Amino acid sequence: MARFQLCLLLAIFVCTCASAQNAVLPRPSRDYFAYRTFTQADSLRGTLGPARANYDVTYYELHLDVDPVEQMIDGYVDMDYRVTGPLPLLQLDLYENLDIDRIEQGGNTLRYTRKGNAVFIQLPAGTEPDTMTHRMRIHYGGKPTEAKNAPWDGGFVWGLDQRNRYWVGVACEGDGASLWWPNKDHLSDEPDSMLISITVPDRLFVASNGNLREEVELENERKKRYDWFVSYPINNYNVSIGIGHYTHFSDTYRAFDGEELELDYYVIDYNLAKARKQFKQVHPMLEAYEHYFGKYPFWEDGFALIETPYLGMEHQSGIAYGNQYMRGYLGGLIPDDMDWDYIIVHEAGHEYFGNSVSVADHAEMWVHESFTTYMEALYVEFHYGADAARNYLETQRRFVANEEPMLGPLGVNFTDFKSSDHYYKGAWMLHTLRAVINDDPLFFGMLRSFYQDHTRSIVGTQDVIDYFSSYSGMDLQSFFTQYLMHPTVPVLEIRQTGEEVEFRLSADVPGLAMPVGVYIKDEPVRLLTTEIWQPMGNGFGLDDVRIDESRYLVDLSRQQPKR
């Protein structure tokens, strides 16, 4: 057993610290997304050509009249922008089923052409790169896209509540905000603030993002206008509205430093009693996330839940809630010994990763979803303990498909992932990284520091890798490349050579080395694995070795000796 004991002493993960900095994420040797054919429309939506890259949006005003009877919309958008480079044509995005009446700027009507959902606008002569802010007004209207299965597809949900009254919602993450209002529909450009002004029949209420500034009765038209203002940068797809017979109640959350956060809830009137009980879970959720990451990131706009006729969505400062006041995910998905609302915990987690820390390309949605899914486990760990958190993660492990990379093709409007690996596998990747680092104060310090250093900013995959490598003092480039860029996970291979058991790590990324926790006859052992065969010890057989599956997303392959 001498070598076995030696492995116990020497299995320490040692890495160099700076080599991953400013690296370029390598692409896999084969195209796992070759099945997907990208069209000109995909390129126009997903690519930052000069007609989009050379201007910066600073502010939107969305003025919209919504007719739930005819299921039509009509209005205009004011867009403030600055020119940052040569811009002979300016590209906006608006689904082609919506009609543009006219486009104006500086008292002039502008000429434009359309290529499907892309609108190319001829700017006035003399529009040059400078610090001047221009305002463009786009008048438009029509019958917007209707969602068949929101939020998994995008569009309006023209619903009815239990009393057969109009109940309307909008979700548009994958399909884009341009399905209902004209904008620069690319994640790389968020306005600094936004006004959302919605007019509806006077018997209805509109709930939206940010704070309600004004409620105006339009007596001659038997309508009401609701003006909501968002004071922070916001992803276009996070802009949404809920229209219905809402009742409002409020609460406050006291942060660790004593500052109070306004909590607002908009629910269908007959659900008020259920909501008052269910939404008490917001306090422990905010407490857990503040513990790990810091205070709620959109403090001045408050935190809100808006009941919707679809399941839910992370709309910034106005989260869509449709979990029917049930535990878990519509009554399931979480362990039987837990009682918490998945939509509250998950969608509010996106206020940190997704809405505050955002990506510029849908292909990198792993940053939004992996961190937020792992935040669910951290919520459980904070309130139920570490063992419960590992148990919760183990219930999600069965959803890991390993079908394709978690990082999709960039610049082509890619949203068609085959599985939910960028949720569950991504969370397990972070959990495995925690085990690899094997130092919880360091790991949690790294998560908190990364979040706080990138609050309300846009990041890319390589930004995450570089930051984590620098903070941890470990070269994590190969680790992330394996888990993000390849569908398979590393495999710990073991074989019997005489009386001795040997091990090595098999991976798509050459030279990947990482510690892997195993149990040998139920005794925990931490092995430093490389692509080279190493002795594990003797006095036991292959069947006595198993992966510590509560901490590592690594497969095990036993190579039985040939007979």
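The values are calculated or read from the model by the stated rules, or taken from the named source; none is laboratory data. Keep in mind that what you see is a predicted model, and the values were worked out from it rather than measured. Note that we place each Cβ from the backbone using ideal geometry, even for glycine, and neighbour counts take in every protein chain shown. SASA here: full protein model, heavy atoms, side chains in, ligands and nucleic acids out. Shrake-Rupley method; radii C 1.70, N 1.55, O 1.52, S 1.80 Å.
One table, with the values for the structure above:
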{"item": "Of all residues making up the range 36-76, the number that are hydrophobic (A, V, I, L, M, F, W, C) and either within 24 Å of residue 160 (Cα to Cα) or open to solvent by less than 40 Å² (accessible area, probe 1.4 Å) (or both)", "result": "9"}
{"item": "Answer residue from the range 230-271, given it is among the hydrophobic types (A, V, I, L, M, F, W, C) and without any contact (Cβ under 8 Å) to a residue 60 or more places away in the chain and is farthest from residue 306 (Cα to Cα) among those", "result": "256"}
{"item": "Qualifying residue in the range 198-208 (condition: outside any strand (DSSP E or B), more than 21 Å from residue 350 (Cβ to Cβ) and without any contact (Cβ under 8 Å) to a residue 40 or more places away in the chain)", "result": "yes"}
{"item": "Residue check for residue 132: modelled with pLDDT of 95 or more and either under 23 Å from residue 189 (Cα atoms) or within 26 Å of the chain's Cα centre (by Cα) (or both)", "result": "no"}
{"item": "Pair list, Cβ under 6 Å, 6 or more apart: the range 36-54 residue farther than 13 Å from residue 187 by Cα, other residue in a loop (DSSP other than H, G, I, E, B) and of a type in the set (Ser, Thr, Tyr)", "result": "54/84"}
{"item": "Top-ranked residue in the range 473-499 [being acidic (Asp, Glu) and assigned to a loop (DSSP other than H, G, I, E, B); ranked as least open to solvent (accessible area, probe 1.4 Å)]", "result": "475"}
{"item": "Test: residue in the range 208-221 that is of a type in the set (A, V, I, L, M), in contact with a strand residue (DSSP E or B) (Cβ under 7 Å, 6 or more places away or on another chain), surrounded by fewer than 16 Cβ atoms within 10 Å (Cβ to Cβ) and at pLDDT 95 or above", "result": "yes"}
{"item": "Residue check, residue 169 open to solvent by less than 30 Å² (accessible area, probe 1.4 Å) and touching a Leu at 6+ places or on another chain (Cβ under 9 Å)", "result": "no"}
{"item": "Candidates 363, 320, filtered to the one that is of a type outside the set (Asp, Glu), crowded, with 22+ Cβ neighbours inside 10 Å, modelled with pLDDT of 95 or more and in contact with an Asp or Glu (Cβ under 9 Å, 6 or more places away or on another chain)", "result": "320"}
{"item": "Neighbours by Cβ (under 6 Å, 6+ apart or cross-chain): first from the range 409-423, closer than 13 Å to residue 152 by Cβ; second open to solvent by less than 50 Å² (accessible area, probe 1.4 Å) and assigned to a loop (DSSP other than H, G, I, E, B)", "result": "415/174"}
{"item": "Residues (of a type in the set (D, E, K, R), in contact with a Ser or Thr (Cβ under 6 Å, 6 or more places away or on another chain) and either buried (at least 18 other Cβ atoms within 10 Å of the Cβ) or under 20 Å from residue 45 (Cα atoms) (or both)) located in the range 77-104", "result": "93"}
{"item": "Residues being free of Cβ contacts under 8 Å to residues at least 24 places away in the same chain, surrounded by fewer than 16 Cβ atoms within 10 Å (Cβ to Cβ) and within 30 Å of residue 154 (Cα to Cα) - total across the range 105-139", "result": "3"}
{"item": "Among the candidates 257, 264, 251, 227, residue that is outside any loop (DSSP other than H, G, I, E, B) and open to solvent by 40 Å² or more (accessible area, probe 1.4 Å)", "result": "251"}
{"item": "Count - residues of the range 446-477 that are in contact with an Asp or Glu (Cβ under 9 Å, 6 or more places away or on another chain) and more than 24 Å from residue 363 (Cα to Cα)", "result": "1"}
{"item": "Verdict on residue 388 being without any contact (Cβ under 8 Å) to a residue 60 or more places away in the chain, open to solvent by 10 Å² or more (accessible area, probe 1.4 Å) and aliphatic (A, V, I, L, M)", "result": "yes"}
{"item": "Looking only at the range 366-380, and only at residues there that are under 25 Å from residue 301 (Cβ atoms) and of a type in the set (A, V, I, L, M), the one that is surrounded by the most Cβ atoms within 10 Å (Cβ to Cβ)", "result": "375"}
